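Every number here is computed from the coordinates shown, using simple stated rules; none is lab data. These numbers come from a predicted model, not from an experiment. Using ideal geometry, Cβ is built from the backbone for each residue, glycine included, and neighbour counts are taken over all protein chains shown.
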Amino acid sequence: MTADLPHDPAPDDETRAAELALGLIEGDERAAALRRVLAEPAFAAAVERWRVRFAQLFDLWPDAVPPPELIDRIDASLDGVVPSRGRRVPWPLIASVMTAIAACLLIFVAVRPDPVAPPPPPAADAPALVAGIAADKQVVGALYRPETGSLRVAASTLAPTGRVAQLWVIAGDAAPYPLGLLTGETTVIRLTPADRARIAAGATLAISIEPTGGSPTGLPTGPVVGTGGLSAV
Amino acid sequence: MGPEAGVTGPEEPLTLRPVPDPNAARAHLGNLLIRTGSEDRAAFRELYDLTSAKLFGVVHRICGERTAAEDVVHEVYLLIWRRAGAWEPGRASPISWMATIARNRAIDWRRAAGVRAARPIEDADTVPDPSPDALTAAVAGDDRARLLGCMEALDPRTRDAIRTAFFDGLTYRELAERAGSPLATIKSVIRRGLQRLKSCLAPEGGDL
């Protein structure tokens, strides 16, 4: 924390966008700027412009040769990794099915909002968490089961053709953290132990619209279509 | 074909190709990225061959240690394998897109690992100086030439601070620690520099 200094006034939007793109700010300031990326498309675009501008400098960066065996290590680890393809899913064909699935899941989530005494899940005393993410024309239901570490999200089409919906978690002042892509049908995301630690009551789930394959920057780049808080059931 | 093609005489156009065409190289990388997006492993390997020295350079400088840099680069190429389908031709250049992923990952690693970004002072000299490349840049692309020109127009202290922030992935606080200056001073130096850069790059007015 650097709060011992008098709080300096926030700079103008362009400067703030450049600061975020360069990674100059941290802590609360960074979190606040990232929330603006989520909420303000113009600000998000300014950050992206600065990122592209500074990327021109990469040409000047000195090269360094990695160890020769690294490519084999990388190649060997590709097997479990499925690339996100630019392939289009025939939405009209399956949209109705997905809507039905989404509706079922929503009912499933909605029906268990506050059982008086939820039986403690086996092997973990953490309660299940739900969030209702208010998106454009729907409420996207999300259910997290701590005993399996799985996050189930039901959404019908959120992204226009050629874009994908990406799910983020924002815990307190932390930066939005990508959890996975929402394919349009019910998505079950198996969270890694590190990711599980980010899922807690009070954290916010957000959905942004990103290029195919997800945000290339690790932070939301597109418009945010919905947010919702996680709470215990 | 030169403008005077058709005239028989000395084969002048051949002598006018001193450097490999940067646009062709960029197009080739773009092609490899697109093929990588459709699970073409041979393309992925060639992409690695052509870009790993740059990406390792980026990551190594920010992480500061070789073993960690190898792990981060490994992770970066897995991300590239997964996200290659998201790269859009005409937006960022392939190498910029990849290097941005590498820089962000390296910074994430360093901050998560709590590694201090302190560095011996003499190392600061290895921050690349754009001046010698200005000519290449002028040939290679308007955007880069403009950025470099605008960076050059800054006073040396401001330019160094912004360059160090970029190349070493430092926050205001880390820059202040390294320079031994008050945080407020570093902030105002860089903010003024960023504002000057902005008006130099887009003099016709803000696009925000």
## Note on the structure
Loop-resident trypsin sites (Lys or Arg not before Pro) in the range B:70-118 with no more than 15 other Cβ atoms inside 10 Å, DSSP not H/G/I/E/B, are B:Arg91, B:Arg116
### Task
Give a residue-ordered list of calculated ³J(HN,Hα) values for the range B:179-196 (Karplus: 6.51 cos²θ - 1.76 cosθ + 1.60, θ = phi - 60°; whole Hz; x for Gly, Pro).
7, x, 10, x, 4, 4, 5, 4, 4, 6, 4, 5, 4, 4, x, 5, 5, 5
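Note the full-extension length gain between B:Glu39 and B:Glu177 as 0.36 nm times their separation in residues minus their Cα-Cα distance, in nm to one decimal. Walk me through the intermediate numbers first.
Numbers: separation 138, 0.36 × 138 = 49.68 nm, distance 4.48 nm.
Result: 45.2 nm gained on full extension.
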### Task
Going by C-beta contacts inside 10 Å, put B:Met151, B:Met98 in order with the fewest on the left.
B:Met151, B:Met98
### At most 13 other Cβ within 10 Å, DSSP loop - GluC sites (Glu not before Pro), the range A:22-54
none
#### Entry: Cut-off under 5 Å, modelled amide H: who pairs with A:Gly218 long-range
none
### Query
What ³J(HN,Hα) values, in whole Hz, does the Karplus curve 6.51 cos²θ - 1.76 cosθ + 1.60 give for the range B:35-43 when θ = phi - 60°, with x put for Gly and Pro?
5, 4, x, 10, 6, 8, 5, 5, 5
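On full extension of the chain, what length is gained from B:Leu201 through B:Asn23, given 0.36 nm per residue of separation minus the C-alpha to C-alpha distance? Intermediate results must be reported in sequence, preceding the final value.
Numbers: separation 178, 0.36 × 178 = 64.08 nm, distance 2.25 nm.
Full extension of this stretch gives 61.8 nm more.
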### Task
With θ set to phi - 60°, apply the Karplus curve 6.51 cos²θ - 1.76 cosθ + 1.60 along the range A:49-61 and write out the HN-Hα couplings as whole Hz, x wherever there is a Gly or Pro.
4, 5, 4, 5, 4, 5, 4, 4, 6, 4, 4, 7, 5
### Query
Counting partner chain Cβ atoms within 10 Å of every residue's Cβ in B:34-44, what's the average?
2
### Query
So for the pair A:Ser231, B:Arg66, with labels modelled 7 Å out along Cα→Cβ, what separation do we get in nm?
5.5
### Message
I want to check the label-to-label distance for B:Thr185 and A:Arg190. Put each point 7 Å from Cα in the C-beta direction and report it in nm to one decimal.
### Response
5.5
### Query
How many nm separate the modelled label positions at A:Thr161 and A:Thr183, each set 7 Å beyond the Cα in the direction of the Cβ?
2.1
